[in-house]
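**Q** One structure is given below, represented as C-alpha cells, and several questions about it will come after.
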Amino acid sequence: MLRTKVLSLVARSGPSRLMSTATKLTTVEVNDKTGIATLTMCRAPVNGLNLELLKDLKTSIDEIESNKSRGLILTSSNATIFSAGLDIMEMYNPEKERIRAFWTQLQEVWLSLYGSSVPTAAAINGHSPAGGCLLATSCEYRVMLPKFTIGLNETQLGIVAPKWFMSSFLSVLPQRQAERALNQGRMFSTEEALQIGLIDETATSKEEAVEKCAAFLGTFARVNPLARALTKQQFRAADLQQLENERKDDLEKFLFFINQPAVQKGLGIYLEGLKKKAKK
Ligand SMILES: CCCCCCCCCCCCC/C=C/C(=O)SCCNC(=O)CCNC(=O)[C@H](O)C(C)(C)COP(=O)(O)OP(=O)(O)OC[C@H]1O[C@@H](n2cnc3c(N)ncnc32)[C@H](O)[C@@H]1OP(=O)(O)O
C-alpha cells in the first residue's frame, strides 16, 4: 500500500549499485547520484508473468520502497518485449494450488506498484500486451519505443480483464476511450498510444526512454515527498481499497472463470496459434 513515510532527500554520490534483492527474474539497479532505482524484468523468452516473476517483482518493489529510492523505473532486458502479459501456461490446464498462488501474487504486485509511495515510470522498450499493459499503466508515466504495441487485449483471448486492470487503464485514459479499447481488445501502436494519451512520450532507444523516465521522476525533486505521496494516495485510494475489500471474491471469480471449459478451450487455441507463429 501507499506508505506515508518521508523519502530521504539526501543526495548520494558514487556509481550505480545492484540491490540485495537482485534475482534471476528481476534486477534492481540504483543510480547513486539520482537515487532512482531501475527495476528490470528478465524472464526469457517474453517476460511472461508467471508465479516466480511475480514474486520477484513484488520483492523488488518492496525493496525499492523500503530503501528510500527517489523513483522507480520499470523496464525489460528483452530488446523487443516489455512483457507478454500473464504467462498463459499458468492459466491453461492449471494446477489447483499454484493458480491460486499465481493470482494472489498478481494482486499483490498490482497493489504495491499502483499504490507505491515512490514515484514510478515505465520505460516500455517492447511489446506490452495485457498484463504488460497493466504494469505500465500502474506507473505514473510511460515512455515507449516505436514500432511496438500496447493494450488490454483480453477479449481477443476470450477472457475478461478484471475491474482493477480497468482501474489502472482508467487512470490514464478517459472512460469512453478505455471502454471501447477494452471491449475491442485493442492493441495500440506506439504512435496511436501517444496520440490517445496511453503513453506520455516516445524515445528512440531504451537508454533514451530510461533518461526520459528519470527526467519525469526528477520533476518531483523539489516537491515535498510526503505531500506528493499523500496526494497520489488520494487519487488511487478508492481503486486500491476496492481490490483490498474484494480480494477473496476476485480470486474466486478468476478461478471460476478460468476453469470454464469454453475459456480453457479458447486459451488452448490461442496458445496453439502463438506456437505455430513462433515456429514460422
Ligand atoms: C462479471 C465479470 C467477471 C469478471 C471475472 C474476471 C475473471 C478474470 C479472467 C482472467 C483474466 C486474465 C487476464 C489476463 C491477462 C493477460 O496478460 S493474458 C496474456 C496476454 N498476452 C498476449 O496475448 C501476448 C501473446 N504473445 C504475443 O503476442 C507475442 O508473443 C509477443 C509478446 C508480441 C512477442 O512476439 P515474438 O517476439 O514474435 O515472440 P513469439 O514467437 O510470439 O513468442 C515466443 C514464445 O513465447 C511464447 N509466449 C508468448 N506470449 C506468451 C504468454 N503470454 N504466455 C505464455 N507464452 C507466451 C510463445 O508461445 C513462444 O513460445 P515457443 O513456441 O515455445 O517458443
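**Q** Answer yes or no as to whether C133 is more than 15 Å from the ligand (Cβ to nearest atom), in contact with a Leu (Cβ under 8 Å, 6 or more places away or on another chain) and farther than 20 Å from K24 by Cβ.
**A** no
**Q** Looking for something more than 12 Å from the ligand (Cβ to nearest atom), in a strand (DSSP E or B), of a type in the set (K, R) and modelled with pLDDT of 95 or more - is there at least one such residue anywhere in segment 175-187?
**A** Looking through segment 175-187, none of the residues is more than 12 Å from the ligand (Cβ to nearest atom), in a strand (DSSP E or B), of a type in the set (K, R) and modelled with pLDDT of 95 or more.
**Q** Condition test on L157, is it surrounded by fewer than 22 Cβ atoms within 10 Å (Cβ to Cβ), within 8 Å of the ligand (Cβ to nearest atom) and either closer than 22 Å to L51 by Cβ or of a type in the set (S, T, Y) (or both)?
**A** Here the answer is yes, as L157 does meet what is asked.
**Q** Let me ask something else about it. Do we have L53 as at pLDDT 95 or above and either surrounded by 18 or more Cβ atoms within 10 Å (Cβ to Cβ) or in a loop (DSSP other than H, G, I, E, B) (or both) here?
**A** The answer is yes for L53.
**Q** Same structure, new question: Report whether or not K280 is surrounded by fewer than 13 Cβ atoms within 10 Å (Cβ to Cβ), over 22 Å from the mean Cα position of the chain (by Cα) and of a type in the set (D, E, K, R).
**A** Yes: the conditions hold for K280.
**Q** Just one of (1) more than 9 Å from the ligand (Cβ to nearest atom); (2) surrounded by 21 or more Cβ atoms within 10 Å (Cβ to Cβ); (3) aliphatic (A, V, I, L, M) trips up A101, so point out which.
**A** The one condition A101 does not meet is (2).
**Q** If only one of V223, V210 is more than 12 Å from the ligand (Cβ to nearest atom), over 24 Å from the mean Cα position of the chain (by Cα) and not polar (S, T, N, Q), which one is it?
**A** None of the others qualify; the one that does is V223.
**Q** Right, K277: within 13 Å of the ligand (Cβ to nearest atom) and either modelled with pLDDT under 95 or in contact with a helix residue (DSSP H, G or I) (Cβ under 6 Å, 6 or more places away or on another chain) (or both) or not?
**A** Here the answer is yes, as K277 does meet what is asked.
**Q** Moving on to the next point. Under 9 Å between Cβ atoms, at least 6 apart or on separate chains: pull out the pairs that start in segment 222-237 with a residue that is closer than 16 Å to W110 by Cβ and end on any residue that is at pLDDT below 95 and aliphatic (A, V, I, L, M).
**A** K232/L2; Q233/M1; Q233/L2; R236/L2; A237/L2
**Q** Could you please let me know if D239 is within 18 Å of the chain's Cα centre (by Cα), under 30 Å from E97 (Cβ atoms) and away from the ligand (no atom under 13 Å from the Cβ)?
**A** In short, yes.
Matching residues to (1) in a strand (DSSP E or B); (2) within 18 Å of W164 (Cβ to Cβ); (3) in contact with a Ser or Thr (Cβ under 8 Å, 6 or more places away or on another chain):
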| position | (1), (2), (3) |
| --- | --- |
| R100 | no, yes, no |
| E108 | no, yes, no |
| L111 | no, yes, no |
| S117 | no, no, yes |
| A122 | yes, yes, yes |
| S128 | yes, yes, yes |
| L134 | no, yes, yes |
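**Q** Given the residues S138, S112, which is the only one that is closer than 26 Å to F256 by Cβ, away from the ligand (no atom under 15 Å from the Cβ) and surrounded by 20 or more Cβ atoms within 10 Å (Cβ to Cβ)?
**A** Exactly one residue qualifies, and that residue is S112.
**Q** So I73 clears everything in (1) buried (at least 24 other Cβ atoms within 10 Å of the Cβ); (2) within 28 Å of Q264 (Cα to Cα) except one condition, right? Which one?
**A** All conditions are met except number (2).
**Q** For F257, state whether it is touching a helix residue (DSSP H, G or I) at 6+ places or on another chain (Cβ under 7 Å) and within 16 Å of the ligand (Cβ to nearest atom).
**A** yes
**Q** Can you name every residue in segment 136-155 that is without any contact (Cβ under 8 Å) to a residue 40 or more places away in the chain and part of a helix (DSSP H, G or I)?
**A** Residues satisfying the conditions are S138, E154, T155.
**Q** Could you list, in sequence order, the residues of segment 242-254 that are within 12 Å of the ligand (Cβ to nearest atom) and of a type in the set (K, R)?
**A** Residue satisfying the conditions is K253 alone.
**Q** Then there is this: Restricting attention to segment 28-63, which residues are more than 15 Å from the ligand (Cβ to nearest atom) and among the acidic types (D, E)?
**A** E29, D32, D56, D62, E63
The values are calculated or read from the model by the stated rules, or taken from the named source; none is laboratory data. What you see is a predicted model, and the numbers here were worked out from it, not measured in a lab. With ideal geometry, Cβ positions are generated from the backbone for all residues, glycine too; neighbour counts draw on all protein chains shown.
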